Amino acid sequence: MASAFHHHRSARTRSAVAVITLAMTLALVAGACTGDEGDAAPTTTTSPPPTTAPTTTTIDAAGQALIAAFQDTSIRLDPVIPNGLDYPTAMVQRPGRNQWWIAERPGRIRVATVNSSRNRATGEIKQEGITLLPGAVLDISSTTSTDGERGLLGIAFSTDGRTLYVDHTSQEGDVVVAAYAVEDLRAFAGPGTPPPVATVVKIDPASRVELLDIEHKENTNHNGGQLVLGPDGYLYIGVGDGGGTGDPENRAQDKDSLLGKILRIDPAGGNLGQRYAVPPDNPFVAGGGRPEIHLYGVRNPWRFSFDRETGALWVADVGQGAIEEINRLPADTAAGRGANLGWSWFEGDQRFRPEGTPPRGLVKPLHTYDHSEGRCSITGGFVYRGVDLEDELGAVYVYGDYCTGEIRGLLSRQGVVLADRGLGAGAGQNGLVSFAQDEQGELYVLAANGSISKIVR
């Protein structure tokens, strides 16, 4: 589908692209180019940021080597599931198992097994391909709408891998988050022991528990759909603003609405008739907004992820008609707890709503880009923390654009962008649907043509 998940735009405003030179202000990057990614607090603004060029100075040799390695990086996509899927939207590795679970937009969940072998001498486990199992382990297509941008849009697992969470749009158009019990029909031998290649699993549809049902009937776009089990063990849920040009009902800024938000709940903590619990440190537990809200002011967060090393939350938010944005919310801000990312006061770093005075403390995006060169809708990814490309992509945020299909990398340190460039590969026009990350930190690309590929050198 040419425009699935991404708001169609007729306007292609060419705004100035923020091109950050490789020689950055020493005060901002001192020490950062030779160490781990920092967790400086996000910058806030109540007006468009300055457009003056950054001060230039000399970066030390280690920093220059890091930038040079990134600038020379070229990737390709190695198909691991070349076909056989019906518009994959999300893929997660089931914790502790050799299984990939894949969501298909029409409402089916497929399972693929990672074929592996153990070196008896070293104990090293080597992956030797992926096998897509026939049939669906769960089929909710009869209760899932695929109108517009709707569908089965996200999946996540509990830490023990025994509960599957799904995010889909109901036939009425509501955003629904549900939980299912997952049963292994063959014994799981435990951590450190490879399960059999053809591990059989079962989901009892009767085990379904609906955690959330968010009314979203007026428009078929901006559903969000991302599910992530955070490093704190809580479930994070991305919800779009409900659709409509410019968020006419101002839902993203309305803290009494769950639309235009990233939510945070404890799905395992429900009791006394409650389907879930609210973490006690959520920002509006004591009042001022819905207690499930973690952050607000997003338009359609497609996608977000946690940096597995630093704990920072990265949020890619699809723009209205001109600007796409990437937000980085460091761990020392509790991954943006209570943050206002600014929509619809701002689209990216540009003022959008002309009337009124924006509230104080809006979080400024780390990076934005305009719709030149055919780009028009961001697909968020992950900070690379694997081994295969560690020298070239270590700590680089890998993302892309749905419309061009191009895969890009964003190199930053302590909230300063050092470089942003294409990595030499893509999923084709209107093809880059989502990214996935395995337990080793390697990255995969999900494409609209039904393929899944691994990012390799």
Inset, instruction - First measure r as the distance between the Cβ atoms of residue 71 and residue 414, then evaluate 1/(1 + (r/R0)^6) with R0 = 22 Å and state the FRET efficiency to the nearest 0.05. - result: 0.65
Legend entry - Cα-Cα over 28 Å, subset of 217/261; 202/261; 202/255: 202/261; 202/255
Legend entry - Potential extension, residue 143-residue 286 segment - 0.36 nm per residue separation minus Cα distance: 47.9 nm
Legend entry - Candidate lysines - alpha carbon under 18 Å from residue 454, same-chain residues fewer than 8 apart omitted: 126
Inset, instruction - Could you please state, rounded to a whole Å, how far the C-alpha centre of the stretch 207-264 is from the C-alpha centre of the stretch 315-390? - result: 17 Å
Inset, instruction - Specify whether the C-alpha gyration tensor of the stretch 202-277 places it in the rounded, prolate or oblate class, a ≥ b ≥ c being the square roots of the eigenvalues: rounded for a/c under 1.5, otherwise prolate if a/b is larger than b/c and oblate if not. - result: prolate
Inset, instruction - Quickly rank 242-254, 263-275 as a protection proxy: mean count of other C-beta atoms within 10 Å, highest first. - result: 242-254, 263-275
Legend entry - 37 °C / 0.692 mPa s Stokes-Einstein diffusion coefficient of the stretch 168-327, Kirkwood radius on C-alpha pairs, µm²/s: 189 µm²/s
Legend entry - Cut-off 12 Å between beta-carbons: net charge of the residues surrounding residue 236, Lys and Arg +1, Asp and Glu -1: 0
Legend entry - the stretch 63-118: relative contact order in percent, alpha carbon pairs under 8 Å with at least 6 residues between: 22 percent
Legend entry - Estimated distance in nm for a label pair at residue 185 and residue 204, the labels positioned 7 Å out from Cα along Cα-to-Cβ: 1.5 nm
Inset, instruction - Give me the number: length gained by fully extending residue 83 to residue 250, i.e. 0.36 nm times residue separation minus the C-alpha to C-alpha distance, one decimal in nm. - result: 56.0 nm
Legend entry - residue 387 paired with residue 421, simple spin-label distance in nm, labels 7 Å along Cα-to-beta-carbon: 2.7 nm
Legend entry - Gap separating the Cα centres of the stretch 70-111 and the stretch 288-309, nearest whole Å: 23 Å
Legend entry - Measure of compaction for the stretch 370-457 (Cα Rg per 2.2 N^0.38 Å): 1.04
Legend entry - Coarse-grained scattering of the stretch 311-457 at q = 0.12 Å⁻¹, given as base-10 log I(q)/I(0) from a Debye sum over alpha-carbon atoms: -0.51
Legend entry - Inter-site label distance for residue 360 and residue 440 at 7 Å from Cα along Cβ, in nm: 5.1 nm
Inset, instruction - Return the FRET efficiency for the residue pair residue 217, residue 456: r is the Cβ-Cβ distance, R0 is 25 Å, and the value is rounded to the nearest 0.05. - result: 0.05
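Each value in this text was obtained by applying a stated rule to the coordinates, not by laboratory testing. These figures come from a predicted structure and were not determined experimentally. Glycine gets a Cβ as well: all are built from the backbone with ideal geometry, and neighbour counts include every protein chain shown.
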